[in-house]
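S.K.: Input: one structure, supplied below.
None of the figures in this text is laboratory data; all of them are computed from the coordinates on show. Worth saying up front: this structure is predicted, and the values here are computed from it rather than measured. With ideal geometry, Cβ positions are generated from the backbone for all residues, glycine too; neighbour counts draw on all protein chains shown.
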Amino acid sequence: MRVVILGSGRGSNAEAILLAQQAGKLGRARVVQIFSDKPDAGILALGPRFGVPASFLDAAPYKTKLDGAGEQHYIAAIEACRADLIVLAGFMRVLKMPFLAHFEGRIINLHPSLLPSFPGLDGIGQAFRRGVKIAGCTVHQVTLEVDGGPILDQAAVRVEDGDTLESLAQKIHAAEHALLPAVIARLSERGA
Ligand code: GAR
């Protein structure tokens, strides 16, 4: 299963996927490409470290969605990778048609809350401020509804009395780093 990772940030989840792959724990999945819409994103430094092509892919002209020329650019580049699965690991843009139709059923997203609670931006901050006692993360299929596609798996973390936004974020990220590679491995074994 050929996996393309899209990310905009530091890439700790992409790193977790690549470490799982190195450890032989990614099932039949293999990361073939990393793309980032930010030229200076930390995620791009993983390429040389893990021997995976990693490049900036311009998503202009929009800032928060993948549309117009940028969208066509992404469709062509991902198509050229012959991707079986597209993993959004901190890719901070809203996807829409025709991208979604083009890769229907092959796009998954990681979100730092227990959906359907706290969709959208800053899922961790939303949960922390709301005072929930169980927080967590979700991997789901991507559909037109932002953070609303079918849920593939979730991991919960307990919010303790002494937790700060920072300590909660750390716990959620640790849960993400286990959850996302496990879901990818499971999808890769589907029908095997
Ligand atoms: C992760 O916490 C992920 O859940 C979140 O961005 C972070 C990326 O971290 N994604 C979203 O908020 C999507 N709406 P990383 O770059 O270290 O993997």
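S.K.: Using a basic spin-label model with each label point 7 Å from the Cα along Cα→Cβ, how many nm lie between residue 178 and residue 56?
M.R.: So the two model labels end up 3.7 nm from each other.
S.K.: By Kyte-Doolittle mean hydropathy of at least 0.5 and Cα axial length of at least 27 Å, which whole DSSP H helices of the chain are selected?
M.R.: Values: long enough: 165-188 (34 Å, 0.60).
Counting only whole DSSP H runs, the qualifying helices are 165-188.
S.K.: Next up: What number comes out for the charge environment of residue 105, summing +1 per Lys or Arg and -1 per Asp or Glu over other residues with Cβ under 14 Å away?
M.R.: Residues close to residue 105 contribute a combined charge of 0.
S.K.: To continue, here is another question. Report, in whole Å, the centroid distance computed from the Cα atoms of the range 146-192 and the range 58-101.
M.R.: 23
S.K.: With charges only on Cβ, +1 for K and R and -1 for D and E, what is the dipole size of the chain about its Cα centre, in debye, rounded to 20?
M.R.: Magnitude of the dipole: close to 340 debye.
S.K.: Hey, could you pull the Cα Rg and Dmax for the range 87-166, both in Å?
M.R.: When restricted to Cα atoms, the range 87-166 yields Rg and Dmax of 13.6, 46 Å.
S.K.: Which of the aspartates and glutamates could be linked to residue 171 by a straight reach, that is with a Cα gap under 16 Å, when you skip same-chain ones fewer than 8 residues away?
M.R.: Reachable aspartates and glutamates: 122, 160, 161, 163.
S.K.: For an R0 of 35 angstrom, estimate the FRET efficiency from the Cβ-Cβ distance between residue 30 and residue 130 and round to the nearest 0.05. Write down the numbers at each step before the final one.
M.R.: Numbers: r = 39 Å, r/R0 = 1.11.
Here the calculated transfer efficiency is 0.35.
S.K.: Would you mind computing, in nm to one decimal, how far apart the modelled labels at residue 81 and residue 166 are, each placed 7 Å from Cα along Cα→Cβ?
M.R.: Rounded to a tenth, the inter-label distance reads 3.3 nm.
S.K.: All other residues with a Cβ under 15 Å from the Cβ of residue 51 taken together, and with Lys, Arg as +1 and Asp, Glu as -1, what is their net charge?
M.R.: Here the charged neighbours net out to +1.
S.K.: Separate question: Rounded to whole Å and sorted largest first, list the principal axis extents of the Cα atoms in the chain.
M.R.: 49, 38, 34
S.K.: Under 20 Å Cα to Cα from residue 65, which lysines show up? Leave out anything in the same chain fewer than 8 places away.
M.R.: Those lysines meeting the cut-off are 38, 96.
S.K.: Exposure proxy check: 57, 66 ranked by fewest other beta carbons within 10 Å?
M.R.: 57, 66
S.K.: For residue 72 and residue 40, what is the calculated FRET efficiency with R₀ set at 25 Å and r taken between the beta-carbons, to the nearest 0.05?
M.R.: 0.60
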